[in-house]
Amino acid sequence: MLQLALKVLKEINSHGYESYIVGGFVRDYILGIESNDIDIATNATPKEIKEIFDDSCLPTEDYGSVTVVKNGILFEITTFRREINYIDHRRPDKIEYVDSLYEDLLRRDFTINSLCMDENGKIIDLLGGRVDIDNRVIKTIGVATERFEEDCLRILRAVRFATILGFKLDDSVVAGIKKTKHLLRNLSYYRKKSELDRIFSCGNNMEGVRLLLELGLDEELELERLKDIKHIDSSISAWSILNVVDKYPFSSNEQELIKDINQALKLNNLDPMALYKYGLYVNSVAGDIKGLDKKEITSAYACLAIHSKKDLAIECSDITTALNKKPGKYLSEIYDDIIYNILYRKLANNKESIIKYVVDNYKE
Ligand code: ATP
Ligand code: MG
């Protein structure tokens, strides 16, 4: 991946421009963490970049940057820029192309995200990012309060990097967050959710929860139940506890899961009916929230007499024939009854026994 990235830089530079890998990739490279995407900063304009990588540019692009795909890897190539007049405490009103890397780095959020790499793989450290990585500390570029006022998403990015990387927040960052955290009320729920998803889904997620509480962000983010989280193994388990589907945006799949997990939380997750109705995944998440042993839930699930209606040893026509009746709504009641009795081992899952049970109990 690095070799391919250096090749991209060489390609840009061979046309007379300057370019560097910047941001997360360099930070993660120093920390020995794999990155998925690579950000490149250059003095070439988007139009010039498009001319160089004619065949591999994605059609959708942000103003001032071009996405190039090589071997399935995304390169986000952004022209050196200055950002002017932030509006709504979120985004700049205007950007202006500049010719110096240094000036481009000044607009970036944290020193650990300001390191660059040139086409020879040499690290360039103009703002002291290396020492902060070595000390495992998150510091803003410039005055923290001002940088959070310009763009309050940086507050959540700070917590996200501290959580995922296991870094500490510099005192100035903590103070800056405390002064500006009210601005998060205006940040879109979409942005808040995507940062929180990354915090909740990483291995160090409880540290993230602790940080959010310590900084008082639970209130600004309207996460009243954050303090109730004792343990989570995925972002969906966190969202199930937080129960904020009326505010935060969730996909229909996520909404369904959250609803089911909340139902399963009220049940005994080793109970055959709960396992049958909500399945292994939902019961495992609910069990995990309650601190139950995952292995026990898995083996209880494996031992179920049936896992779905398809596993029943009879078909609908067997029932209608046995009762000598046309199919109708009455069938669902009979099915529920059969399934209940099979799950609780009161009835064997074979055709003969089931038909006998149906005839004994439902034949008019
Ligand atoms: P990751 O890709 O793991 O989320 P990253 O640091 O690469 O981490 P990106 O969102 O890809 O984050 O942004 C790339 C770079 O752009 C960052 O490293 C940072 O230098 C800069 N950047 C991103 N978002 C902001 C922001 N809101 N304010 C200032 N600079 C930012
Ligand atoms: Mg990135």
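The values are calculated or read from the model by the stated rules, or taken from the named source; none is laboratory data. Remember, predicted model here, so these are calculated numbers, not experimental data. Neighbour counts are summed over all protein chains in view; Cβ atoms, including those assigned to glycine, are modelled from backbone coordinates with ideal geometry. In case anyone asks, the SASA skips ligands and DNA or RNA and just uses the protein heavy atoms, side chains included. Shrake-Rupley method; radii C 1.70, N 1.55, O 1.52, S 1.80 Å.
Observations on the model:
- When the Cα positions of M1, H89, V358 are compared along the charge dipole of the chain, V358 comes out farthest toward the positive end, with charges on each C-beta of Lys, Arg, Asp and Glu.
- Antiparallel content of DSSP bridges confined to segment 37-120, in %, to 5: 70
- Peptides 109-117, 278-286 ranked from most to least packed give 109-117, 278-286, packing being the mean of other C-beta atoms within 10 angstrom over each peptide's residues.
- Helical mean residue ellipticity (222 nm; -39500 (n - 2.57) per DSSP H run of 4+; nearest 500) of the chain: -14500 deg cm²/dmol
- Cα-centre dipole for the chain with unit charges at Cβ (Lys and Arg positive, Asp and Glu negative), debye to 20: 1200
- For segment 231-313, averaging the sequence separation of C-alpha pairs within contact (under 8 Å, six or more residues apart) and dividing by the residue count gives a relative contact order of 28 percent.
- Separation in nanometres of the label points that stand 7 Å from Cα toward Cβ, at L106 and L4: 3.5
- Positive dipole terminus of segment 71-227, leading residue within L217, G128, T145 (C-beta point charges): L217
- Among the GluC sites (Glu not before Pro) found in segment 109-193, not one is both in a DSSP coil and sparsely packed, with 12 or fewer other Cβ atoms within 10 Å of its Cβ.
- Carbon and sulfur %, accessible surface of the chain computed with the full protein complex present, 1.4 Å: 48
- Low-density loop cleavage sites - trypsin sites (Lys or Arg not before Pro) in segment 112-143, where at most 16 other Cβ are within 10 Å (DSSP): K122, R136
- Relative contact order [Cα under 8 Å, 6+ residues apart], segment 142-279, whole percent: 20
- Cross-link pairs beyond the 20 Å C-alpha cut-off, checked among K178/K230; K10/K70; K277/K310: K178/K230
- Sum of side-chain charges, R90 neighbourhood, beta-carbon under 11 Å (Lys, Arg +1; Asp, Glu -1): -2
- Within straight-line cross-link reach of K247, lysines at Cα separation under 22 Å, skipping those fewer than 8 residues along the same chain: K181, K192, K193, K227, K259
- Between E352 and S332, the contour length at 0.36 nm per residue exceeds the Cα-Cα span by 5.2 nm.
- Net charge dipole size for segment 79-180 [Lys, Arg +1 and Asp, Glu -1 on Cβ; Debye, nearest 20]: 440
- The residue list L275, S172, L196 was ranked by how far each Cα lies along the charge dipole of the chain toward its positive end, using unit charges on Cβ atoms, and L275 comes out on top.
- Antiparallel content of DSSP bridges confined to the chain, in %, to 5: 75
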